[in-house]
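**Student:** Sharing a structure, written as C-alpha cells. Questions coming.
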Amino acid sequence: MYGSNKWRKDNHEQALISGRKSDKNRYDETKKEIFELLGNHCNNPSCPIPVEKMDVRCLQIDHVLNNGGEHRRKFGGVCNVHYYASILKEIKAGSRDYDLLCPYCNWLKRFNGGKL
Ligand SMILES: [Zn+2]
C-alpha cells in the first residue's frame, strides 16, 4: 500500500519535472527567437558596454512604451512562456513596442523616468 503510493508519488513528480523541462525549453526557444528578432544586442546607442563584452544572456526585453507591468499582469504577473509567446507574436506582426536593453541601460531608463 505504502509502496504503491510512493510509486505513484515518484511518477507524479517525474511527470512534473519533465513537464517543467519542456516548458523551460519552450521558454528558452521563444526568448531566443525574440532576442534574435530584436538584434541580440543592447539597443541603447550610448550603451557603455562594448558589444563584444556583452553576454546576450544578460539582455532584457524592454517595453518601449513602459507598460511592461501592465502587460505582465495580464499573464498573472510572471514572465512565463505564454507571456513571451505573446511578445513574439506581436514582434512578428511588426510591433515596435519591444526592444532589447542590457540591465545597465534598463535600470538607467527606469531611473530617468522611462527615457534613455
Ligand atoms: Zn546597454
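The values are calculated or read from the model by the stated rules, or taken from the named source; none is laboratory data. Quick caveat, the model's predicted, so the values are computed rather than measured. Because the Cβ atoms are built from the backbone with ideal geometry, glycine has one as well, and the counts that use them run over all protein chains shown.
**Student:** Go through segment 39-60 residue by residue and tally those that are outside any strand (DSSP E or B), touching a residue at least 40 places away in the same chain (Cβ under 8 Å) and surrounded by 10 or more Cβ atoms within 10 Å (Cβ to Cβ).
**Tutor:** Selection size over segment 39-60: 12.
**Student:** Within segment 61-79, which residues are touching a residue at least 40 places away in the same chain (Cβ under 8 Å) and surrounded by fewer than 16 Cβ atoms within 10 Å (Cβ to Cβ)?
**Tutor:** Passing the criteria: only 66.
**Student:** Out of the residues in segment 69-116 meeting the condition of being more than 14 Å from the ligand (Cβ to nearest atom), assigned to a loop (DSSP other than H, G, I, E, B) and under 15 Å from the mean Cα position of the chain (by Cα), tell me which one is modelled with the lowest pLDDT.
**Tutor:** 79
**Student:** In addition: Just give me the residues in segment 80-109 being under 21 Å from residue 46 (Cβ atoms) and surrounded by 12 or more Cβ atoms within 10 Å (Cβ to Cβ), in sequence order.
**Tutor:** Passing the criteria: 98, 99, 100, 101, 102, 103, 104, 105, 106, 107, 108, 109.
**Student:** Another one. Looking only at segment 32-68, which residues are away from the ligand (no atom under 16 Å from the Cβ) and within 13 Å of the chain's Cα centre (by Cα)?
**Tutor:** Hits for segment 32-68 are 32, 33, 34, 36, 68.
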